[in-house]
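What follows draws every value from the coordinates through simple rules; no lab data is involved. What you see is a predicted model, and the numbers here were worked out from it, not measured in a lab. Cβ coordinates were reconstructed from backbone atoms using ideal geometry, including for glycine residues, and neighbour counts include every protein chain displayed.
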Amino acid sequence: MRGRFTTLRGFRDILGEDVLKFYYLEEVARKVFELYNCFEIRIPVLERADLFIKSIGESTDIVEKEMYLFEDKDGERVALRPEGTASVVRAYIEHGMYVSTPKVKLFYTGPMFRRERPQRGRFRQFYQIGVEYFGVWEPFADAEVISMLFDIYRSAGINDVRLRINTLGCERCRVNYTPRLMVFLEEHYHEICEDCRRRKEVNPLRFFDCKKESDELKASAPSINDGLCDDCRTHFSSLMEYIKIYPVEHDPYLVRGLDYYTRTVFELYSERTGRDFALSAGGRYDKLVESFGGPPTPAVGFAIGCERTVEFMKAESRRVDVFIIVVGEEYIGTAIEVARQLRSEGLICDLEPSAGSVKAQMRRADKLNSRYVLFLGEEEVRKGKFKIKEMDTGREFTVGWGETSIFKK
Ligand code: HAM
C-alpha cells in the first residue's frame, strides 16, 4: 500500500541492515581518526550560497546545476551544503584556528545535497565522512590523509580499493598550461559539447571531468603534468614515494569537479565497479583559506561517499544476545528486571511478551537472530534458576540469577 506521501526523487530512507552498515562505517572511521589525532567538527547544513559558489567555482556542475539554492525570508541567499570542505574552511577562519591550532586535522560526517540526476550511487541527499588537514605544505600531509583513507576502507573490510592520483600543479603551472589547453579545445571545437565550448574560456580544465567527452579525446589533449614547475614536480614525486605501499596509479588526466584544488587530486574506486565510480575523493587546496580572507594556509582532505562505500560492505546484522521468553503475564515485571540487569552488563537484550504464546515468542527470538533465549516462568522464579537455550546449537542448560558471564561473547 502506498500512503499519501512518498520521498522526493533522489531522496530516500535508510533502513534495517543498511543503517547498521552506515553506523559501522562511521564507527571504524572514528576509530581511525582517533589514531591519527583528528578532531571532530560539526558544521551546519545551511550556509550562505556564496560560500559554495566562490569555493567550488561558478562554472562547475555543482554550482551551475546542482545546488539547492533559495532566498531565506530575510532575503539572504542560502544553500543546502553540497559538500563539507567550504564550511570547514569557513569555520577554520571564523574561529581563529589559524592562530590557536594552525596545524589541525578535522573530520565531519553528515548529509550533503546535490540536485543531480539520480542513478546508481547518485542521490540528491547523500552522506559523506570527510577530513580536512590544515597547515602543512609538505607532501607528508597528503600521505597522512591518503593512508587514513586506506585504513578506513581496510577496517571496514573493503580491500580491493585503488587510488587514482594526479597533480594539477600550482597557479604558476596553470599560467603556462591553460593557454595550451585552450588552443586544443579551439582546434576540437566541433567535437566538444556545448558546456565545454561555453566554459573553455573561463575554465577549460572542466573539459577533463565532463561526462560527455570521450576518453580518447581527453587522452589526446595536452596533460597538465607536462608543464609542472620544479616545486610541484618534487612535491608529487615525494608523495608518490611515501604512498608506494598502497595500490596507487598516476592518472595524468584526472581532474576533479571542484575548482579549489591545487597540486594533489585523487579518487578511490573499487576494482569491482571501475574507476568511473569514485567511492571517495579529495585533494589539496592551498589557496582556499586565503581566498576566504584567512592567512595563506595549505590544506588537504578527502570525503568518503557513504552510500557508494556501504555497497561494498558485508551485511552487518545485529544479534540479540539474550531474548527473554515470558511464560505467564504475571512474570513480566520480573522479566523487565532481568532485562535491566543483562543490559547493565552490556548485553543486547529484548523481550516481547505481547507476541503471545511461548511458540510465538520463540519465533520472534529466531527472527531477531538471538544467540540465547532465557525462559522465565513460575518454575524459574521459584527455583531461582533459568532455563536457557543456545539457538545456534539447540543446547539447553540452566543458570542461576546473576550468572551472566555465560552470555558474553
Ligand atoms: P566529491 O568528489 O564531490 O568531493 O565527493 C566525494 C564523494 O562523495 C564522491 O567520490 C562520491 O563517492 C560521493 N558523492 C558525491 N556526489 C554524490 C551523490 N550525488 N550521491 C552519492 N554520493 C555522492 C567533495 O565533496 C570534496 N569536498 C572532497 C574533499 C574534501 N576534497 C578535499 N577535502
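Within the stretch 30-106, which trypsin sites (Lys or Arg not before Pro) sit in a loop by DSSP and count at most 10 neighbouring Cβ atoms inside 10 Å?
Numbers: sites: Arg30, Lys31, Arg42, Arg48, Lys54, Lys65, Lys73, Arg77, Arg90, Lys103, Lys105; in loops: Arg42, Lys73, Lys103.
Here the trypsin sites (Lys or Arg not before Pro) that fit, given the DSSP loop and packing criteria, are Arg42, Lys73.
Find the relative contact order for the stretch 271-409 and round it to a whole percent, using C-alpha pairs within less than 8 Å whose residues are 6+ positions apart.
Computed over the stretch 271-409, the figure is 19 percent.
What 222 nm value per residue comes from the helices of the chain, counting each DSSP H run with n ≥ 4 as -39,500 (n - 2.57) and dividing by all residues, nearest 500 deg cm²/dmol? All intermediate terms of the calculation are to be shown ahead of the outcome.
Numbers: 14 runs with 139 residues, N = 409.
Here the helix-only value at 222 nm equals -10000 deg cm²/dmol.
Report the label-to-label distance for Ser220 and Glu249 in nanometres (one decimal), using points 7 Å from each Cα along the Cα→Cβ vector.
In this crude label model, Ser220 to Glu249 measures out at 2.2 nm.
Show me the ranking of peptides 298-305, 93-100 by mean Cβ neighbours inside 10 Å, starting with the highest.
298-305, 93-100
Hey, which aspartates and glutamates would be in cross-link range of Lys314, C-alpha to C-alpha under 14 Å, not counting anything within fewer than 8 residues on its own chain?
Filter leaves Glu17, Asp18, Asp160.
Calculate, axis by axis, the spread of Cα positions in the stretch 191-262 along the three principal axes, and write the results as whole Å, longest axis first.
That gives 41, 24, 21 Å along the principal axes, largest extent first.
For Ser223, Ser55, Ser354, Ser405, what ranking results if the residue with the fewest other Cβ atoms within 10 Å of its Cβ goes first?
Working: Ser223 17, Ser55 23, Ser354 11, Ser405 8.
Neighbour counts put them in this order, fewest first: Ser405, Ser354, Ser223, Ser55.
What are the membrane-span-like helices in the chain by this rule: whole DSSP H runs, Cα extent along the axis at least 20 Å, mean Kyte-Doolittle hydropathy at least -0.5?
Membrane-span-like by this criterion, though nothing is claimed about a membrane: 16-35, 139-155, 171-187.
Holding the Cα-Cα limit at 22 Å, pick out from Lys359/Lys387; Lys367/Lys387; Lys387/Lys408; Lys211/Lys244; Lys31/Lys244 the pairs that are longer than that.
Violating the 22 Å limit, Cα to Cα: Lys211/Lys244; Lys31/Lys244.
What FRET efficiency do you get for Glu64 and Glu345 if R0 is 56 Å and r is their Cβ-Cβ distance, rounded to the nearest 0.05?
It comes out at approximately 0.50.
Please arrange Trp137, Trp401 by how many other C-beta atoms lie within 10 Å of their C-beta, fewest to most.
Least crowded to most crowded, the residues run Trp401, Trp137.
Among Thr178, Thr6, rank each residue by its count of other Cβ atoms within 10 Å, from fewest to most, as a rough exposure measure. Don't skip to the end; give the middle numbers.
Details: Thr178 15, Thr6 8.
Placing the least packed residue first, the sequence is Thr6, Thr178.
If packing is taken as the mean number of other Cβ atoms within 10 Å per residue, what is the order of 346-353, 377-384, 311-318, highest first?
Per-residue mean Cβ counts within 10 Å order the peptides as 346-353, 311-318, 377-384.
Can you list residues whose amide H is under 5 Å from Tyr68's amide H, if they're 5+ apart or on another chain and H is modeled 1.01 Å from N?
The answer is Leu80, Arg115.
Contour minus end-to-end for Glu94 and Arg12, with contour as 0.36 nm per residue of separation and end-to-end as the Cα-Cα distance?
Values: separation 82, 0.36 × 82 = 29.52 nm, distance 3.35 nm.
Roughly 26.2 nm would be gained on extension.
Quick one: 3J(HN,Hα) in Hz for the stretch 275-291, Karplus 6.51/-1.76/1.60 with θ = phi - 60°, rounded, Gly and Pro as x.
Running phi through 6.51 cos²θ - 1.76 cosθ + 1.60 with θ = phi - 60° gives 6, 7, 10, 6, 7, 7, 7, x, x, 9, 9, 7, 10, 5, 4, 5, 5 Hz.
Of the DSSP beta bridges with both residues in the chain, give the percent that are antiparallel, rounding to the nearest 5. Spell out each step's value before the answer.
Details: 49 of 62 bridges.
Restricted to the chain, the bridges split so that about 80 percent are antiparallel.
Scan the stretch 156-249 for chymotrypsin sites (Phe, Trp or Tyr not before Pro) in coil per DSSP, keeping those whose Cβ has at most 11 other Cβ atoms within 10 Å, and list them by number. Before the final figure, lay out the partial values.
Details: sites: Tyr177, Phe184, Tyr189, Phe207, Phe208, Phe236, Tyr242; in loops: Tyr189.
Passing both the DSSP loop test and the Cβ count: Tyr189.
How much length is gained on full extension from Val175 to Glu330, taking 0.36 nm per residue of separation minus their Cα-Cα distance? Don't jump to the answer; show the numbers that get you there.
Values: separation 155, 0.36 × 155 = 55.80 nm, distance 8.20 nm.
Fully extending the segment from Val175 to Glu330 adds 47.6 nm.
What ranking do 163-175, 122-134 get when scored by the average of other Cβ atoms within 10 Å per residue, highest first?
Working: 163-175: 19.5, 122-134: 21.8.
Packing proxy ranking, top to bottom: 122-134, 163-175.
Determine the percent antiparallel among the DSSP beta bridges restricted to the stretch 223-372, to the nearest 5.
Bridges in the stretch 223-372 are about 70 percent antiparallel.
Between Asp209 and Thr273, with labels modelled 7 Å along Cα→Cβ, what's the label distance in nm to one decimal, could you check?
Spacing of the two 7 Å Cα→Cβ label points: 1.7 nm.
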